[in-house]
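Written below as structure tokens is the structure these notes are about.
Derivation of every value follows stated rules applied to the coordinates shown; laboratory data play no part. What you are looking at is a predicted structure, and each value in this text was computed from that prediction instead of being measured. Please note: Cβ atoms are built from the backbone with ideal geometry, for glycine as well, and neighbour counts cover all protein chains shown.
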There are 2 protein chains.
Amino acid sequence: MPVNLRAPDPKDLHPVAGLGIGTAMAGVRKANRRDLVVFVLDEGAAVAGVFTSNRFSAAPVQLCREHLAADGGRGGRAVRALVVNTGNANAGTGADGLARARRTCEALASHLKIAPQQVLPFSTGVIMEVLPVERIEAGLPQALAALRPADGAAWAEAAEGIMTTDTLPKAASRRCIEIGGKPVHVSGISKGAGMIRPDMATMLGFVATDAVIDAALLQPLLREVADASFNRISIDGDMSTNDSFVLMATQRAGHAPITSLASAEGRALRDAIAAVATQLAQAIVRDGEGATKFITIRIEGGRTVAECRQAAYAIAHSPLVKTAFFASDPNLGRILAAVGYAGITDLDQGLLDLFLDDVHVVRAGGRHPDYREEMGQRVMKQSEITIRVDLHRGASEALVWTCDLSHDYVSINADYRS
Amino acid sequence: MPVNLRAPDPKDLHPVAGLGIGTAMAGVRKANRRDLVVFVLDEGAAVAGVFTSNRFSAAPVQLCREHLAADGGRGGRAVRALVVNTGNANAGTGADGLARARRTCEALASHLKIAPQQVLPFSTGVIMEVLPVERIEAGLPQALAALRPADGAAWAEAAEGIMTTDTLPKAASRRCIEIGGKPVHVSGISKGAGMIRPDMATMLGFVATDAVIDAALLQPLLREVADASFNRISIDGDMSTNDSFVLMATQRAGHAPITSLASAEGRALRDAIAAVATQLAQAIVRDGEGATKFITIRIEGGRTVAECRQAAYAIAHSPLVKTAFFASDPNLGRILAAVGYAGITDLDQGLLDLFLDDVHVVRAGGRHPDYREEMGQRVMKQSEITIRVDLHRGASEALVWTCDLSHDYVSINADYRS
């Protein structure tokens, strides 16, 4: 039951020149579903990626890091293709898993006449199962036969091809204000919908732009965008082994190259990419497993951004807070308790203010004298709610998006493999 | 649906001389339920306590700390009474809550002709609601009229009087090997059953012994016992604002005083108290909200105890792990993912071993070649399961007890206040 989310309309997704997309039904885990996606970049494109900080990172994540390190965004070993399978995460699979991820890269590279190091592999699905790499190998010709320019329909198909427990495909797109008289496009896709609590990384998110940009700027740009989008969401606090967020720049828009992120053009491009990434990240929360509410948590007045994030995530991960929101029950003391155990060791509870949307619930650490249960109740019934906590001890703040915890979350995760 | 837990039989609970217990129905939140418990200690008893590290600690916790600091376990300001109410936690209530907790102490002190500082107050129940202190004041005469020596029936009644969402009262008792020819008794009670993830503290636990022991030894003894019992449990990762664990020594057993915890007598007493506290702590997990499985998590081979605890709690708090156990689904990669995001930044996944009871599931970071799904399935169906992870990077270990996450957990916490 996604919260205010619709399947993307291909007409709303801008094409990105210099990028091809192909999909296939490879039967990785289940037959007759789109489960293999290939991105192929024209020569000259630049690619950057951020990945899970989970120490049990999946084999494909390990290979992505290795191949991107060898790439540096340019030169004869530049990344030219991405291959994504759903149905199997190839995580917790040891040395054998790494070998199978390498075979996937080798297979695609051989078709494209490039080096295996020019391929980035991605997997999502069940953990600790052997990757049926022979099915991927067998499916690649079908995906490559279907390869076509990355237009709206191709993006929509790719969004479907990377889904796991998602109930809807997720895609977003923006056209920048023109740069040097040329329109610049940004399109992307993402998938959730459980094991979502990125940290310095994301779940699967792929964003491409035709912008012309110095390849060295791509990685810092990606990190900045990730921190403002995918790194702000949490569904269940479980950080995946496979989180990956990739930005591709095909350099085809025809304007003068962007050589600084601080320039007007650099800022315009960053804003467009951030808008796409934020919409994709929020879509993951809106389609979070069992989600019935979309909750924005804003912590203000902290001494550091880090402590604001700690408090925000403590609220976002509290099963008691999440079940109260599911029930539309303004049992808001649970929010105070979560802030209290967030690890801010010198927190003075007597300073804290809590707001639910526009309702002032707690003042100076205690229930606001004007607060009435019906006021909280009214807000709790909405499908979109903002929790705002002011710590009154500094000027830093943080923002996190999350969802509630429902019976359906338990059902979905108790049944995921069956 | 508690896991292998029965209501205590009063016959199994040893009396503790020098302690009186009285209970009443004060209607704090609901009518016709035992919700007020008073402990009264004879002169000469010593008391120690450990409390939540939640920075939003409840008003009664703040007063307990203040009164125990003034006490030091002896002298004219020694603690002589405890008063516990259920139905309202008096947390997140600001300065007004503190005033109401003080009124509770003053009321009991006035009846007993002692100073208010000689009373420790405890509250449990809903957060951020105004404590109806007038109902507690009105109930105290009834509780004091019912005051009687702490025999098995009195302990059982007190265990019932501190329950919130617990489905069963929790009590445990041991008789030490005799010390100096005199039998020594240890009895105690506890309550859960949600918002359970103590850290350097506990939920409500009260343990009393008639042992004769140097009052200065009581606090270190309590802390050691807490670390081996209540600090090892987690139900939902939500650390309460009100966790309190109190040890009372009435000094009435008649043996020569214990002056060292390292002596044979000191160790015997510690073992008996630890056994009672462990049983009480495990009882809270067995009766955890919605629990259907009792899960022991043992992390071995860590460099430090701290990192072993991090890994154990990451597993214990993972909603994905907990729902898999609820479903008896050996989706065990979720355990690897949790260890991976536990914050051990230099963890080498290639060294890790995972066992489910006696089944070797993961070797060197990958699925064990002999592991078959049905082997995991067999263990997952049990009501008591041990997860053992060997990090193979040191000699430290840690132990945590937890339960699964079921539909009933969501139902209970979505309905708690209705």
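Observations on the model:
- Size of segment B:46-116 as Cα extents on the principal axes (Å, biggest first): 32, 26, 20
- Principal semi-axes of the equivalent ellipsoid, √(5λ) from the alpha carbon gyration tensor of the protein assembly as shown, are 55, 29, 21 Å from largest down.
- Selected from B:ALA272, B:LEU356, B:GLY254, residue furthest toward positive end of dipole (segment B:247-390; charges at beta carbon): B:GLY254
- Integer Hz, Karplus 6.51/-1.76/1.60 couplings in order for segment B:364-375, x for Gly and Pro: 6, x, x, 3, 5, x, 8, 6, 10, 3, 5, 5
- In range of the label at B:ARG175: residues from segment B:3-29 whose backbone nitrogen is under 15 Å from the point 7 Å along Cα→Cβ: B:11-17
- Axis angle, to the nearest 10 degrees, between helix A:152-161 and the longest C-alpha principal axis of chain A: 70 degrees.
- The three principal axes of the Cα atoms in segment A:10-286 give end-to-end lengths of 50, 41, 35 Å, sorted in falling order.
- When A:CYS105, B:CYS403 are arranged by Cβ crowding within 10 Å, least crowded first, meaning fewest neighbours, the order is A:CYS105, B:CYS403.
- For the protein assembly as shown, a simple Cβ point-charge model (Lys and Arg +1, Asp and Glu -1, everything else neutral) yields a dipole of about 0 debye relative to the Cα centre.
- Rounded to the nearest 20, the Cβ-based charge dipole of segment B:1-93 about its Cα centre (Lys and Arg +1, Asp and Glu -1) stands at 300 debye.
- Top positive-direction residue, dipole computed over chain B with Cβ charges, set B:ALA316, B:GLY288, B:VAL38: B:VAL38
- Relative to the dominant Cα principal axis of chain B, helix B:133-145 is inclined by about 70°.
- Our summary gives segment B:100-141 a relative contact order of 46 percent, counting only alpha carbon pairs under 8 angstrom and 6 or more residues apart.
- Rounded to the nearest 20, the size of the Cβ-charge dipole of chain A about its Cα centre is 580 debye, with Lys and Arg at +1 and Asp and Glu at -1.
- Fewest-first ordering of B:PHE56, B:PHE51 by other beta carbons within 10 Å of each residue's beta carbon gives B:PHE51, B:PHE56.
- Gaussian network model of chain B, springs between alpha carbon atoms under 10 Å - residue of B:THR259, B:THR278, B:THR86 with greatest fluctuation: B:THR259
- Of the residues B:ARG80, A:ARG393, A:ARG148, the one with the fewest other Cβ atoms within 10 Å heads the list, and the complete ranking is A:ARG148, A:ARG393, B:ARG80.
- ³J(HN,Hα) computed for each position of segment B:50-57 - Karplus, 6.51 cos²θ - 1.76 cosθ + 1.60, integer Hz, glycine/proline x: 10, 9, 3, 9, 4, 5, 9, 4
- With a Förster radius of 51 Å applied to the C-beta separation of B:LEU147 and A:ASP358, the computed FRET efficiency comes to 0.50.
- Put simply, when B:121-127, A:212-218, A:364-370 are sorted by average Cβ atoms within 10 angstrom per residue, most first, you get B:121-127, A:212-218, A:364-370.
- Helix-only CD estimate at 222 nm, as mean residue ellipticity for the protein assembly as shown, using -39500 (n - 2.57) per DSSP H run (n ≥ 4): -10000 deg cm²/dmol
- Degrees, to the nearest 10: B:215-228 long Cα axis against longest axis of chain B: 30
- Only lysines eight or more places from A:LYS113 in sequence, or on another chain, were considered; none has a Cα closer than 24 Å.
- Average partner coverage of B:45-54, which counts Cβ from other chains inside 10 Å: 2
- Seen from every direction in turn and averaged, the convex hull around the alpha carbons of segment B:317-379 projects onto 4.3 nm².
- From the Kirkwood radius over Cα pairs of segment B:63-200, Stokes-Einstein at 10 °C and 1.306 mPa s returns a whole-number translational diffusion coefficient of 95 µm²/s.
- The rule of thumb for compact globular proteins, 2.2 N^0.38 Å, goes into the C-alpha radius of gyration of segment A:211-355 1.29 times.
- Shielding of peptide A:322-333 by partners, expressed as the average count of other chain Cβ atoms within 10 Å per residue Cβ, is 5.
- Of B:LYS11/B:LYS170; A:LYS11/A:LYS293; A:LYS170/A:LYS322; B:LYS30/B:LYS191, pairs whose Cα-Cα distance is over 22 Å: A:LYS11/A:LYS293; A:LYS170/A:LYS322
- For segment A:10-286, relative contact order (Cα pairs under 8 Å, six or more residues apart, normalised by length) works out to 25 percent.
- Other residues whose C-beta falls under 9 angstrom from the C-beta of B:ARG252 contribute a net charge of -2, scoring Lys and Arg +1 and Asp and Glu -1.
- A Förster distance of 60 Å, applied to the separation of the beta-carbon atoms of B:ALA31 and A:GLU43, puts the FRET efficiency at 0.15.
- Hull-based mean projected area of segment A:254-328, where the convex hull spans the alpha carbons, in square nanometres: 7.7
- Eigenvalues of the alpha-carbon gyration tensor of segment B:294-415, scaled by 5 and square-rooted, set the equivalent ellipsoid semi-axes at 23, 18, 12 angstrom, largest first.
- Antiparallel %, DSSP beta bridges [both residues in segment A:10-286], to 5: 70
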